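Q: Just dropping this structure here.
The values are calculated or read from the model by the stated rules, or taken from the named source; none is laboratory data. Bear in mind that the values here come from a model prediction, so they are computed numbers and not experimental data. All Cβ positions, glycine included, derive from the backbone under ideal geometry; neighbour counts span all protein chains shown. When the accessible area is computed, the model is the full protein with side chains, heavy atoms only, and any ligands, DNA or RNA have been set aside. Shrake-Rupley method; radii C 1.70, N 1.55, O 1.52, S 1.80 Å.
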Amino acid sequence: MQSLKIKAILRYLALIFTIVPVLIVGIIGFFSMIGFANSTVEQYAKSIGSAQGSVVDQALGQYERDVFAYSINNEIYNLAATGTITDMTMLTDSFNGIINRSENDVLNFVVVDKAGSIVYDHKSKQSKGSFFFGYEEIKNLSLGQTYLSAIYGGAEQGYDTDVFFVARSTQEDIISSNSNGYVIEVISTSRITNLVQNTKYDGGNGYIAVTDGKGTVIGYNGSASQKIDSTDLKSIFLSTEKNSENTPIDYSTAGKVGCYGRFTGVSGTNWKWVAVFPAGTATSQIIVPAIISIVVMLVLAALCVLMGLKITTSIVTPINTMIDNMREIKEGDREKRFEINTKNELHEMAVLFNGLLDEVCMSEELHKTISDISDNMLFEWDFAKEYMYVSDNFTERFDINPSEAQLANGKFLDKIMTEEYAEQYKRDISTLLKNRNGHSGEYQMLTKAGTVVWFTVRAQCITDRLGEPLRVIGVVTDIDNEKKLELQLSERASYDFLSQLYNRSTFEKELQSEIERNAHAKVGVLFIDVDDFKFINDRFGHSVGDEVIKYVSGCIKQRVKGSGFAGRFGGDEFVLCITDPGQIQDIESLSLDLIDELYSGYHSELANVSINIKASIGIAFSPEHGENGKQVVAAADEAMYFVKKNGKANYHIYQPEDSQMEGLQHTL
């Protein structure tokens, strides 16, 4: 399997250093050819479009010259100003002359005044009414400026075809600065349509279209004028850029690309020509060179593959014997050694490896001997081999199979630990692998006999020269007797012997920890003092007094079960810590219930004694009455003394005035 990997690596290298450069050159050449072809087609379309667009430009220029001639006519100037003319016949004949000599494209002449009212309509011979369309476009026309309108539907205006108009403001003479109205020439789109339909090029694949800049195009796809609905086409045909020749834009949704430019024959217009040609024109021109390039690249790639195979075989074959020998050694044949007769680097590798193998076998025997004679249980994780080794005494003590160890995430011993310590163990092992250092921890484990026993686990992470973990070696030691003795001593030092509640120092330490852990959350403290306890000891004896202490402790334990803890400060003084928010809110009811329960009486059949126990309770809260445990306990103690001085057998929540009263009484 390893030889196959080496072969693959060598082949990949051959491909990378031979085929990849060939492919890069081929791809760059291919796109260069496409770019050159695109540039050639675009330049050709621009020149054709510019030449054929000039034909349309000449026609539009003729219309402008017609309107210009009449705009400086004094008779028309007076007609626009007064609505009358000296020689109407002359004007009519003049307009008829232009209409007759045109190719049926000039349909009408209209003269309007400044307000847009028609003073002369050559077609209808009417002089009333407002100009029928486009007046909003020309009413602000500057003196001497010609305006070429957009294309309008002719049917709505009484014409048989779509129309547009050329308008110019009237003026008395060329140098006049006055205008009384506008001369308007109404023109059919038929002539422009015919001109555009005769502008095909490149075998009919390319053609010229004309747009009025307002959404209507003549000649697109060879049809008559039509509205533009495609957003991609609008970005070309309706562009308002002022440069005369624009960068080609691709509108692939129509399968076309185009070059376009503005007309120059008419001033103040958005009309433009568009040279349209198929999107695949440029690509079709490079099909043959592209096929030749691909064939050449395939031939070169085949030669590279053959060379890679030959090189791979010459390198891999000499080491196949070594690989076979390694596999046999791994399967357990420790007597196997490398036999490479060829005197080269591989022979030296075989000699060195045989020596290392002998040292490994000796080390394994030494390791096994030490583990067999030791009371400690040994384990070892080998990350490289994904193998777990444990000593024989380990499997004798625990019911666990090393083959199930998950080496990747460090899980193994957690399967025989209690839930609490299993989570701690996994965190410790993760830290060990992350920091690449040693670790020692104490955990509870379940033996084959089903007993929970304390063990210590000490482990060390072994890394390679780069700091990556190679293996973890560890020792498991039974410390159950020592740990149990330690816990017993610790428990005795923390609890009051008679009441089995925390002693004073332990309670204060736990209270401080609880306050710090809860941060700004509320913690309640009750300071309880048994009223007249000295009387109970004097009358009934200390043995009954001790039983009363135990009785009071039992009542207190029931109040804090699962929601706090309690302690005995000595004699007849007890302290409770309440952490449950619900109990803190009802802490007054809790205090009354505790007072009532104690007063219900202690009964001893052995001593034939019944005693109604009275208690005074002081209450304080953190952080309201103190920032630390000692301050809160002191506040609760002062509240308890307030009850003592005011009748006993009751409760009181600490008030700052309690401290002031205490100080005043001490002064008196």
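Q: Can you figure out the FRET efficiency of Asn628 with Asn481, using R₀ = 45 Å and their beta-carbon distance, to the nearest 0.05?
A: Once rounded, the FRET efficiency stands at 0.70.
Q: Distance cut-off 23 Å, Cα to Cα: go down the list Lys123/Lys272; Lys509/Lys561; Lys426/Lys561; Lys509/Lys614; Lys557/Lys614; Lys385/Lys448 and report the pairs above it.
A: The pairs that break the limit, which is 23 Å between Cα atoms, are Lys123/Lys272; Lys426/Lys561; Lys509/Lys614; Lys385/Lys448.
Q: For the full complex of protein chains and a 1.4 angstrom probe, list Ile294, Ile72 by accessible area with the highest value first.
A: In descending accessible area the options line up as Ile294, Ile72.
Q: Taking the simple approach of a point 7 Å from Cα along Cα-to-Cβ for both Lys415 and Ala519, what is their distance in nm?
A: Label-label distance for Lys415 and Ala519, simple model: 4.1 nm.
Q: While we're looking at this one, here's another question. Take each of the peptides 140-146, 583-589, 454-460, average the number of other beta-carbon atoms within 10 Å over its residues, and list them starting from the highest.
A: Ranking the peptides 140-146, 583-589, 454-460 by packing returns 454-460, 583-589, 140-146.
Q: Ok, one more. Quick one: net charge of Pro623's neighbours, Cβ under 15 Å, K/R +1, D/E -1?
A: -1
Q: Right, another one. If we count every other residue with Cβ under 11 angstrom of Phe540's Cβ, Lys/Arg +1 and Asp/Glu -1, where does the sum land?
A: Its environment carries a net charge of -2.
Q: Quantify, in whole percent, the carbon and sulfur part of the accessible surface of the range 511-668 (1.4 Å probe; protein heavy atoms only).
A: Carbon and sulfur: 48 percent of the exposed surface of the range 511-668.
Q: Before I look further, what does the range 528-668 give for accessible area per residue, probe 1.4 Å, in whole square angstrom?
A: Roughly 52 Å² per residue, with all protein chains present.
Q: Would you mind putting 352-359, 93-100 in packing order, based on average other-beta-carbon counts within 10 Å, highest first?
A: 93-100, 352-359
Q: If you don't mind, another one. What distance in nm separates the two pseudo spin-label positions at Gln197 and Lys550, each 7 Å out from Cα along the beta-carbon direction?
A: Result: 12.2 nm between the two label points.
Q: For the range 533-550, in order, what is each residue's ³J(HN,Hα) by Karplus, 6.51 cos²θ - 1.76 cosθ + 1.60 with θ = phi - 60°, in whole Hz (x at glycine and Pro)?
A: Along the range 533-550, the couplings run 5, 4, 4, 5, 5, 5, 7, 10, x, 6, 5, 5, x, 5, 5, 5, 4, 5 Hz.
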